[in-house]
Structures are given as C-alpha cells and as structure tokens.
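Heads up: the structure comes next, in structure tokens.
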Amino acid sequence: MTRAVRSLWAAFWLLTAAHLTALVAGVEAAERLTKPTLMPVLAAYVLALGGPRVLAAALLFGCGGDTLLQIGGDAAFMAGMASFAAGHVCYLVLFVRGGERRVGRAVTAVYGAAWLGTVALLWPDLPTELRVPVAGYSLLLTGMALGGHRAGWSTAGGGALFLLSDTLIATGIAQWPQPPVPQFWIMLTYVAAQYALAVGLLGLSGKSEPGGVVEASQPNGEVRTVV
C-alpha cells in the first residue's frame, strides 16, 4: 500500500470527523466547507488503488448531490436528486457486471414492501410537486440497495445505510418529527454507506483498503475475505 493511498484514506476519515463534529457543534461554515470534499477524496482513494472508474464516477455524482443540496430550494433539490440517481445507476452497472450472488425472493419482497410502505406513508406529507420525483428516486435507490446483495455483505450494508440516510431526508421534507441534530445522523449513515459500497466494490476488483481486508464475491456465490 503506497503512502499516497494511505494519506487519502486518512484524509477521508479526518474530513468525515471534522464534518460530523461541525454538525454537532453547529459550525455552519465548517459544515459547508467539508461536505463537498468527502466524496472527491474517497473517489481519489478508489482511483489510487486502481479501482473502477465507474465507482469513482458514482462517488463524484454523490459529491454533486451533496453540493446541490447545500444550495437549497426546489430546483437545487431536484438537481441534487438527479445527481444521486446517476450515482445509483453507476452502482447498479457495477453490481450487474461483477456481482455473482443470487438475491433471494424473500429479500426482494422485503425491499419492495419497504419501498411501497415508505412511499405510502410519506406521500400525504410531501410537497405536491415532489411526490412523484421522490417516489421515482426512492424506487431507483431501493433497486440499488437490493442490487448490493449481489456483490457481498459490504455492498448490501452500504445500500441499506443509503436507504436509511435518504429516508431520514425524506421524513424531514415531510416535516415528520426528527432526532436531535438530524443532519448528523443523515451524514453519518451516508458516509458509512458510500464507504461500505466503495470497499465492497473494490473487493470485486481485487483491490485492498489500508487494513488489507476486502470482500471478493466468488462465482459460486460465496464471499471470500482476503487479507
């Protein structure tokens, strides 16, 4: 593992810690400064390891979404949602290309029911102009999260965390009761999701993170841990 790769890995987690700390402390300038840096640094880490460019693109689309959501307003929100959607398409491409595990009917049914139930509950409280876009985006997100099961536990977990993060955002838009410092929980689950997805997909391409542990999906559907 080169020094540059380790430096990028450390920079990602230092920036994450700084951003989460700023959210808890309510330091808005630090929040806005650190948020757009997270995914580009993670994308640089992926590329430094020789990871797939499509994976780096997914993370950079995430950066686009992060930046646009900071602007505020319906137009920026819609554009940010579109950027995240493009990232989910990139993830789906990687799952189809490299994932070898079967996704069982029970798992598919659970994700389908979760999507349908969440949309049904949120629908009355969402702004009228956002109902259809949010439902369509959440369907794509659910498909991405389900597709993560094809590639191993890391990507499956990452997809589930992404679902949780974006559901928290949606409940905020619907003006449901929120936990204390809701942006902290949104970003905590979001960063964990993107990192888990990146690590899992690096495993498919045989690349290792600084700890030296990756998941590699095998043709027989098993997941092999490589140290």
Of everything in the stretch 30-55, what is in contact (Cβ under 8 Å) with a residue 24 or more places away in the chain, in a helix (DSSP H, G or I) and under 14 Å from Tyr91 (Cβ atoms)? Give them in sequence order.
Met39, Leu42, Val46, Val54, Leu55
Whether any residue in the stretch 176-195 is modelled with pLDDT of 95 or more and at positive phi is what I want to check.
yes
Output the number of residues of the stretch 31-76 satisfying the condition of being over 21 Å from Trp13 (Cβ atoms), buried (at least 20 other Cβ atoms within 10 Å of the Cβ) and touching a Leu at 6+ places or on another chain (Cβ under 9 Å).
1
Odd one out for Arg102, checked against (1) modelled with pLDDT under 95; (2) in a helix (DSSP H, G or I); (3) open to solvent by 10 Å² or more (accessible area, probe 1.4 Å):
(2)
Among (1) touching a residue at least 60 places away in the same chain (Cβ under 8 Å); (2) out of contact with any Gly (no Cβ under 7 Å at 6 or more places or on another chain), there is one condition Leu116 misses while meeting the rest; what is its number?
(1)
For the stretch 4-28, enumerate the residues that are closer than 26 Å to Val181 by Cα, open to solvent by less than 70 Å² (accessible area, probe 1.4 Å) and of a type in the set (Ser, Thr, Tyr).
Thr16
Out of Thr118, Thr171, Thr167, I need the residue that is touching a Ser or Thr at 6+ places or on another chain (Cβ under 8 Å), over 20 Å from Gln194 (Cβ atoms) and modelled with pLDDT of 95 or more. Which one?
Thr118
Which condition from (1) touching a helix residue (DSSP H, G or I) at 6+ places or on another chain (Cβ under 7 Å); (2) under 18 Å from Tyr190 (Cβ atoms); (3) open to solvent by 30 Å² or more (accessible area, probe 1.4 Å) is the one that Thr155 breaks?
(3)
Against the definition (within 19 Å of the chain's Cα centre (by Cα) and open to solvent by less than 50 Å² (accessible area, probe 1.4 Å)), how does Ala79 come out, yes or no?
yes
Members of the stretch 119-133 that are open to solvent by 50 Å² or more (accessible area, probe 1.4 Å) and either outside any helix (DSSP H, G or I) or under 22 Å from Gly65 (Cα atoms) (or both)
Thr128, Glu129, Arg131, Val132
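The values are calculated or read from the model by the stated rules, or taken from the named source; none is laboratory data. Only a predicted model underlies this, so the values are computations on that prediction, with no experimental measurement involved. Backbone-built Cβ (ideal geometry, glycine too); neighbour counts: all protein chains shown. These accessible areas exclude ligands, DNA and RNA; they are computed on the full protein's heavy atoms, side chains included. Shrake-Rupley method; radii C 1.70, N 1.55, O 1.52, S 1.80 Å.
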